[in-house]
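The values are calculated or read from the model by the stated rules, or taken from the named source; none is laboratory data. Keep in mind it's a predicted model, so treat the numbers as computed, not measured. Ideal geometry is used to build each Cβ from the backbone, glycine not excepted, and the neighbour counts take in all protein chains shown. Accessible surface areas use protein heavy atoms only, side chains included; no ligands, DNA or RNA. Shrake-Rupley method; radii C 1.70, N 1.55, O 1.52, S 1.80 Å.
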Protein chains: 2
Amino acid sequence: MAALPFALHPQLSHDTTPVGDLALARVLLMNDANYPWLILVPRRAGASEIVDLTDDEQALLMREIAQASRALKAVSACDKLNVAAIGNVVPQLHVHVVARRRDDLAWPKPVWGVAPAKPYEAGARDALMTRLRDALGVMLTQP
Amino acid sequence: MAALPFALHPQLSHDTTPVGDLALARVLLMNDANYPWLILVPRRAGASEIVDLTDDEQALLMREIAQASRALKAVSACDKLNVAAIGNVVPQLHVHVVARRRDDLAWPKPVWGVAPAKPYEAGARDALMTRLRDALGVMLTQP
């Protein structure tokens, strides 16, 4: 029997732009210029919690969280990283990795629900995307 | 030269009750009866980000997050786990693992800043603590 194919949740697809695929997770850039904000979505159909992954996948997810964290530190002058798997609204397992600055809109609060997303200017997003793909060592995902 | 000794941040000490020590992290129960809420604090002086840990410590932290997640699932009828390393206010690296229910006070929002902490009744906290230590396989921390 074929495994259930992975498909990105429509809400995540709507809110983000694809950066590329790591070994386990699809990396997305949140469409919100208020914060450099990546989302990692392990390509495992039906996973909702970190503990729904196998032990090996959990270890790989941690390595990819670290990889995304280092990439965000490399491309932004951030003061703190926020890493979170919440998923109360979108049940598909996804991990937020957000670069925070003491002068950002929500500081020191977590980012969720604080302010409406601010669209990127096309040029700014493309430039950030290039630097992120470089830092992550990934190419564009074929969605 | 001796390594800097680990000491729990006073704010975490104030807001929580110690559950016990895993191999890497001290496990704390948040003093908030609104949600079964654990906090894992890796006993590494000076760590503020997950990426401040070594690769091996990061892998161990992920295993302990999974262990805390399974313990919370075992002792609560939760609908979702929320796992997060924020640390914008308390810089010492700490990971929240919160058992969420669709009928809890903050649902579907994240828990931070939504409602004042509700003290546990002593009996209820002791009973929960016993079940958590059992599920985690730890004994009381000597603070």
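Each listed q (0.13, 0.17 Å⁻¹) maps to a log10 I(q)/I(0) for region A:1-129, found by the Debye formula over equal Cα scatterers with no solvent: -0.53, -0.90. The percentage of C-alpha pairs in region A:5-55 whose separation is greater than 13 Å is 59%. Near A:LEU136: Cβ cut-off under 15 Å, other residues only, Lys/Arg at +1 and Asp/Glu at -1. The net charge is +3. Apolar share of the accessible surface for region A:1-76: 54 percent from carbon plus sulfur atoms, 1.4 Å probe.
Position B:ALA124: other-copy label points at 4.6 nm, ordered by increasing distance, label point 7 Å along Cα→C-beta. For region A:102-117, putting each phi into the Karplus relation 6.51 cos²θ - 1.76 cosθ + 1.60 with θ = phi - 60° gives couplings of 5, 9, 7, 4, 9, 3, x, 6, x, 7, 5, x, 7, 8, x, 4 Hz, in residue order, rounded to whole numbers and with x for Gly and Pro.
Charge dipole of region A:1-115 (Cα centre as origin; +1 on each Lys and Arg Cβ, -1 on each Asp and Glu Cβ, all else neutral): 340 debye, rounded to the nearest 20. Summary for B:PRO108: label point 7 Å along Cα→Cβ; distances to the equivalent points in the other copies, ascending, 3.0 nm. Interface between chains B and A: roughly 2500 Å² of accessible area buried, both sides summed (probe 1.4 Å, protein heavy atoms only). Shown for region B:34-55: residues covered by the partner protein chains by 30 Å² or more of accessible area relative to the chain by itself (probe radius 1.4 Å), namely B:GLU49, B:ILE50, B:VAL51. Annotation: average projected area of the protein assembly as shown is 16.4 square nanometres, based on the convex hull of Cα atoms across all directions.
Accessible area per residue for region B:1-122, computed on protein heavy atoms with a 1.4 Å probe, is 44 Å². The long axis of helix A:122-136 is offset from the longest Cα principal axis of chain A by roughly 60 degrees.
Modelled label positions at A:PHE6 and A:ARG101, each set 7 Å beyond Cα in the direction of Cβ, lie 3.2 nm from each other. Placing a label point 7 Å from Cα along the Cα-to-Cβ axis, A:ASP56 is separated from the same position in the other copies by 2.2 nm, shortest listed first.
B:LEU40 sits among other residues whose Cβ lies under 9 Å from its own Cβ, and their net charge, with Lys and Arg +1 and Asp and Glu -1, is 0.
In a reduced charge model with +1 at each Lys and Arg Cβ and -1 at each Asp and Glu Cβ, region A:12-70 shows a dipole moment near 200 debye about its Cα centre.
Against chain B, whose longest principal axis comes from its Cα atoms, helix B:55-75 is set at around 20 degrees.
The count of lysine pairs in the protein assembly as shown whose Cα atoms are under 24 Å apart, excluding pairs fewer than 8 places apart on the same chain, comes to 15. A simple charge model with +1 on the Cβ of Lys and Arg, -1 on the Cβ of Asp and Glu and nothing else charged puts the dipole of the protein assembly as shown at about 280 debye relative to its Cα centre. Here A:SER13 and B:HIS14 are evaluated by their C-beta separation; at R0 = 51 Å the FRET efficiency comes out at 0.75.
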